[in-house]
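Notes follow the structure.
The values are calculated or read from the model by the stated rules, or taken from the named source; none is laboratory data. None of these values were measured; they are calculated from a predicted model. Positions of Cβ are generated from backbone atoms using ideal geometry, with glycine treated the same way; all protein chains shown enter the neighbour counts. With ligands, DNA and RNA removed, areas are computed over all heavy atoms of the protein, side chains included. Shrake-Rupley method; radii C 1.70, N 1.55, O 1.52, S 1.80 Å.
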Amino acid sequence: MSMLQKGRLSVVLGAQWGDEGKGKLSDILCAEAEICARCQGGNNAGHTIVVNDIKYDFHMLPSGLINPNCVALIGNGVVVHLPSFFEEKAKLEAKGLNCEGRLLLSDRAHLVFDLHQMVDGFKEIELGRGSIGTTGKGIGPTYSSKATRSGIRVHHLYDFDEFTARFKTMVENKRKRYGNFEYDVEAELARYKELAERVRPYVIDTVPYLHQQIKAGKRVLVEGANALMLDIDFGTYPYVTSSNTSIGGVATGLGVPVNKITNIIGVVKAYCTRVGGGPFPSEQLNSIGEHLQTVGFEVGVTTGRKRRCGWLDLVVVKYSHMVNGYTSFNLTKLDILDQLPKIKVAVAYHLDGKKLESFPACLELLSKVEVEYVELDGWMTDISKVTKYEDLPENAKKYIAFIEKETEVPVEWIGVGPGREAMIHKPVSN
């Protein structure tokens, strides 16, 4: 039975704070996808996919490129730093991937300039101790330019007089705001005149293209970047990214109606991590946190930063499900819990003796919550070679069943190791 439906979109979304391991499931599903699309974010995201012991790092490009029969599409909701686009493509091709003829870029996507990356740094310096831990890739400033209608889109490259005027205005405005910083405008314009021609073969209007492909019955996989708790609206604002990382970002970032979306798979790490600043109620600043960080090799693909670690938080996951409406979960890195005799799961937040209804918007309030945990027995055995759900230890099955019962979402995929083959499929009955 096919896991992707013809003429429909299947979506893989991060259900926590990102770094859940979405890339591996995307890779597996891409084996039968004919189009793999990105709908938001930029090269601030990071997927690592391991195939035949070769590690492929994806940041901006859709990981569907691993499948030679899959077209990779970058939608209008993505912000694109063209030098990084070509650099990432070159690195993938150096490892044997052929991207020619199957990489498409929306002419409505906004461009990230080195200027935006500089502004990212200026803003973090301004914030000082209130820094939000941005990746420094210029993503926020680019979305800011987009929202104030002063951004530059891919199609502007092909009316270079207009591009030049818009670019010079953008630089002037940033200098008014941040002072007369050094930036060689003419050199940048010359670089983008060349980049415009280099990127031309990839640029199309992706909206009618995608609709034609859906109408023709093609299977489309959408891979979200970042995760729900980093959503500009629903995440732990302001410690969030600058785009809608939720299911809504799929519709606006690709120009597709929501009734074309069928499967929405939420990727949930078997514990919890986050990068940068912001609240993290189930964080473990102790030997458990160190164990998860070390055994789970919790280091950012894009940033190289160590991730903060804690117990699985089902308050987060249930709230995430409210927003995204998951049809199933992919539980990843279950093997990292192998050597823990007791495993805790956060099930509720309490404040002043009262249980909170959901994940609160106010960070001040969130910083004061008491976390209620349920403790489960560990399985104390290596599960990294297990290939069938039935062969998992009983306590591992109980852990999975507990998550399903609490969230009312079936766990369809279980990750037990880093490789492509280390994913157990547990069929979901409709």
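Filter the range 31-52 down to the residues that are more than 16 Å from the chain's Cα centre (by Cα) and touching a residue at least 40 places away in the same chain (Cβ under 8 Å) and list them by number.
Initial filter on the range 31-52 (more than 16 Å from the chain's Cα centre (by Cα)): 31-35, 50-52.
Result: Glu32, Ala33, Glu34, Ile35, Val50, Val51.
Hey, can you tell me all the residues within the range 86-114 that are closer than 22 Å to Asn69 by Cβ, in a strand (DSSP E or B) and aliphatic (A, V, I, L, M)? Result: Leu103, Leu104, Leu105.
Is it fair to say Val295 is under 19 Å from Tyr239 (Cα atoms) and aliphatic (A, V, I, L, M)? Lay out the reasoning, then the answer.
Working: under 19 Å from Tyr239 (Cα atoms): no; aliphatic (A, V, I, L, M): yes.
So Val295 fails the test.
Whether any residue in the range 194-201 is among the acidic types (Asp, Glu) and within 21 Å of Leu105 (Cα to Cα) is what I want to check. Looking for residues that are among the acidic types (Asp, Glu) and within 21 Å of Leu105 (Cα to Cα), one finds at least one in the range 194-201, hence yes. Please list, ordered by first then second residue, the pairs with beta carbon atoms under 6 Å, 6 or more apart or interchain, first in the range 370-390 and in contact (Cβ under 8 Å) with a residue 40 or more places away in the chain, second surrounded by 13 or more Cβ atoms within 10 Å (Cβ to Cβ) and among the basic types (Lys, Arg). That search, which allows pairs on different chains as well, returns Tyr373/Lys344. If you take the residues of the range 89-105 that are open to solvent by less than 10 Å² (accessible area, probe 1.4 Å) and over 24 Å from Ala251 (Cα atoms), which of them is modelled with the lowest pLDDT? It comes out as Cys99.
Is there a residue in the range 297-309 that is of a type in the set (S, T, N, Q) and open to solvent by less than 10 Å² (accessible area, probe 1.4 Å)? Quick ask: steps written out before the conclusion?
Of the residues in the range 297-309, the ones of a type in the set (S, T, N, Q) are 302-303.
Applying the additional criterion that residues be open to solvent by less than 10 Å² (accessible area, probe 1.4 Å) yields none.
No - not one qualifying residue is present in the range 297-309.
Please find, within the range 146-163, the residue that is least open to solvent (accessible area, probe 1.4 Å) out of those that are more than 22 Å from Tyr202 (Cβ to Cβ) and of a type outside the set (D, E, K, R). Full working, then the answer.
Taking the range 146-163 as the starting set, the residues that turn out to be more than 22 Å from Tyr202 (Cβ to Cβ) are 147-150, 161.
If we keep only those that are of a type outside the set (D, E, K, R) as well, we get 147-148, 150.
Numbers: Ala147: 73, Thr148: 87, Ser150: 49 Å².
Among those that are more than 22 Å from Tyr202 (Cβ to Cβ) and of a type outside the set (D, E, K, R), it is Ser150.
Selection of strands (runs of 3 or more DSSP E) fully inside the range 332-425 by the criterion of at least 2 residues being open to solvent by 80 Å² or more (accessible area, probe 1.4 Å) returns 370-377. For the range 1-60, a residue qualifies if it is part of a loop (DSSP other than H, G, I, E, B), under 18 Å from Thr206 (Cα atoms) and open to solvent by less than 30 Å² (accessible area, probe 1.4 Å), and the qualifying residues are Gly7, Ala33, Cys39, Gln40, Gly42, Met60.
Looking at this structure, is Leu73 in contact with a Pro (Cβ under 8 Å, 6 or more places away or on another chain) and either among the aliphatic types (A, V, I, L, M) or not in a strand (DSSP E or B) (or both)?
Yes: the conditions hold for Leu73.
May I ask you to verify whether Thr294 is in a strand (DSSP E or B) and over 16 Å from the mean Cα position of the chain (by Cα)?
It is false that Thr294 is in a strand (DSSP E or B) and over 16 Å from the mean Cα position of the chain (by Cα).
Determine, yes or no, whether Leu292 is among the hydrophobic types (A, V, I, L, M, F, W, C) and open to solvent by less than 50 Å² (accessible area, probe 1.4 Å). Here the answer is yes, as Leu292 does meet what is asked. Among the residues of the range 228-236, some residue qualifies, meaning at least one is under 26 Å from Lys426 (Cβ atoms) and either open to solvent by less than 50 Å² (accessible area, probe 1.4 Å) or acidic (Asp, Glu) (or both).
Here Met322 clears all of (1) in contact (Cβ under 8 Å) with a residue 40 or more places away in the chain; (2) farther than 19 Å from Lys22 by Cα; (3) open to solvent by 50 Å² or more (accessible area, probe 1.4 Å); (4) assigned to a helix (DSSP H, G or I) except the condition numbered (1). Here is a check on your reading of the model: is Leu65 open to solvent by less than 10 Å² (accessible area, probe 1.4 Å), without any contact (Cβ under 8 Å) to a residue 40 or more places away in the chain and not in a strand (DSSP E or B)? Yes, satisfied.
Look at (1) open to solvent by less than 10 Å² (accessible area, probe 1.4 Å); (2) closer than 30 Å to Tyr349 by Cα; (3) part of a strand (DSSP E or B) and you find that Ile264 fails only one, number (1). Checked against (1) surrounded by fewer than 18 Cβ atoms within 10 Å (Cβ to Cβ); (2) at pLDDT below 95; (3) in a helix (DSSP H, G or I), Pro83 meets all criteria but (2).
Does the range 130-142 contain any residue that is within 23 Å of Ile74 (Cβ to Cβ), of a type outside the set (Phe, Trp, Tyr), surrounded by fewer than 19 Cβ atoms within 10 Å (Cβ to Cβ) and at pLDDT below 80?
Of the range 130-142, the ones within 23 Å of Ile74 (Cβ to Cβ) are 134-142.
Within this subset, residues satisfying the condition of being of a type outside the set (Phe, Trp, Tyr) are 134-142.
This time we only want the ones that are surrounded by fewer than 19 Cβ atoms within 10 Å (Cβ to Cβ), so: 136.
Narrowing the set further to residues that are at pLDDT below 80 leaves 136.
For the range 130-142, residues within 23 Å of Ile74 (Cβ to Cβ), of a type outside the set (Phe, Trp, Tyr), surrounded by fewer than 19 Cβ atoms within 10 Å (Cβ to Cβ) and at pLDDT below 80: present.
Check Glu283 against each of (1) modelled with pLDDT of 95 or more; (2) within 13 Å of the chain's Cα centre (by Cα); (3) open to solvent by 30 Å² or more (accessible area, probe 1.4 Å); (4) more than 29 Å from Ile204 (Cα to Cα) and name the one condition it does not meet. The one condition Glu283 does not meet is (2).
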